[in-house]
Amino acid sequence: MAVTIKTGNEIALMRRANEIVAETLNLLASKVAVGVSTKELDALAEEWAKKNGALPAFKGYRGYPASLCVSINEQVVHGIPSKKVVIRDGDIVSIDFGVNFRGFFGDAALSVLAGKVAADSAKVKLLTVTRDALFAGIEQARGGNRVSDISEAVQAVVESNRLHVVKQFVGHGIGASLHEAPEVPNYKRPGRSQRLLPGMVLAIEPMVNVGTSEVEVLKDGWTVVTADRSLSAHFEHSVLITDGEPEVLSSAIVM
Ligand code: MF3
Ligand code: CO
């Protein structure tokens, strides 16, 4: 699919879609606690989106069976909520949510820590670096730059901290579809990438692993885990390209 440039009305709908996503993620982050099942989070997300006139975007997308993705510890993305998956002390809980609001999509994610984790823990560092990498990428999301400026900024933050970006999954354009061109990799690719134009909206989403970049998909067909089962984190914002400062449409997330 081609890159799309959003009109004023479309941008207004995407602001609202992403606001609903952000409010939902804030609610879910406040509910993350030892003993809570990921299915309970999924139910809350679906309920909150519908209450706000939006539809969960992931449910049924390519057959995905839930409204929310909840990926714990070595799970990178696309963890399927289940009443059998119960959050434990010290877990890294990555929550990814998207909605369709009147035909336009919002998509964002964050990782949080459950229970008691020491401030100097490697887990805290992993989350901090992944979030910093997202914001370094956003800083480059400006008209006139290229997608590769975002990619290289994300990768530089991650690798300078001796952590590893996932390469098999990437960020994406977003609009009237959840996934649009261009792809937004979290690493440098050879060749010239798409020029950024005002009116484009990009979902920038670094996935960062402790051990190596390598990942694999579990037999459920969805859950992406680190190949070495080391820890992973994920942060995502939907960002509007303008003539000036990037506008983070999902900026209401407390992360
Ligand atoms: N935020 C993820 C993405 O952008 C969510 C997709 S999960 C799926 O790809 F279930 F919808 F595939
Ligand atoms: Co996304």
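A few points about this structure:
- The Cα atoms of the range 171-255 give a gyration tensor whose axes a ≥ b ≥ c have a/c of 1.5 or more with a/b greater than b/c, which makes the shape prolate.
- As a length-normalised measure over Cα pairs under 8 Å and 6 or more apart, the relative contact order of the chain settles at 24 percent.
- If the chain linking K188 and T128 were pulled fully straight, counting 0.36 nm for each residue of separation and taking away their Cα-Cα distance, it would gain 19.5 nm.
- Per principal axis, descending, Cα span of the range 42-126 in whole Å: 44, 24, 22
- Ranked list, fewest to most other Cβ atoms within 10 Å of each Cβ, for H179, H164: H179, H164
- The S121 and E47 beta-carbon pair, evaluated with R₀ = 41 Å, returns a calculated FRET efficiency of approximately 0.80.
- Between R146 and S160, residue separation times 0.36 nm minus the direct Cα-Cα distance comes to 2.9 nm.
- Structure remark: mean-square fluctuation, Gaussian network model of the chain, C-alpha springs under 10 Å; the largest value among Q155, Q75, Q168 belongs to Q168.
- With kT/(6 pi eta Rh) evaluated at 10 °C and eta = 1.306 mPa s, and Rh the Kirkwood radius from Cα pairs, the range 102-218 diffuses with a coefficient of 106 µm²/s according to Stokes-Einstein.
- Spatial separation of Cα centroids for the range 1-33 and the range 181-254, in angstrom: 16
- Extreme residue, positive dipole direction of the range 141-255, given options I241, A176, A153 (C-beta unit charges): A153
- The equivalent ellipsoid of the range 8-248 has semi-axes of 26, 23, 15 Å, largest first, where each one is the square root of 5 times an eigenvalue of the Cα gyration tensor.
- The overall shape of the range 134-179 is oblate: from the C-alpha gyration tensor, with semi-axes ordered a ≥ b ≥ c, the ratio a/c is 1.5 or greater and a/b is no larger than b/c.
- Peptide packing for 181-191, 86-96, 44-54 was compared via the average number of neighbouring C-beta atoms within 10 Å per residue; ordered from the highest value, the list is 86-96, 44-54, 181-191.
- Net charge dipole size for the range 75-197 [Lys, Arg +1 and Asp, Glu -1 on Cβ; Debye, nearest 20]: 160
- In a reduced charge model with +1 at each Lys and Arg Cβ and -1 at each Asp and Glu Cβ, the chain shows a dipole moment near 320 debye about its Cα centre.
- Of all DSSP-defined beta bridges confined to the range 8-248, some 100% are antiparallel rather than parallel.
- Three-way shape call for the range 95-159 based on the alpha-carbon gyration tensor, with the a/c threshold at 1.5: oblate
Readers should treat all values here as calculations from the given coordinates under stated rules, not as data from a laboratory. Everything quoted here is computed from the prediction, not taken from an experiment. Reconstructed Cβ throughout: ideal geometry from the backbone, glycine too, with neighbour counts over all protein chains shown.
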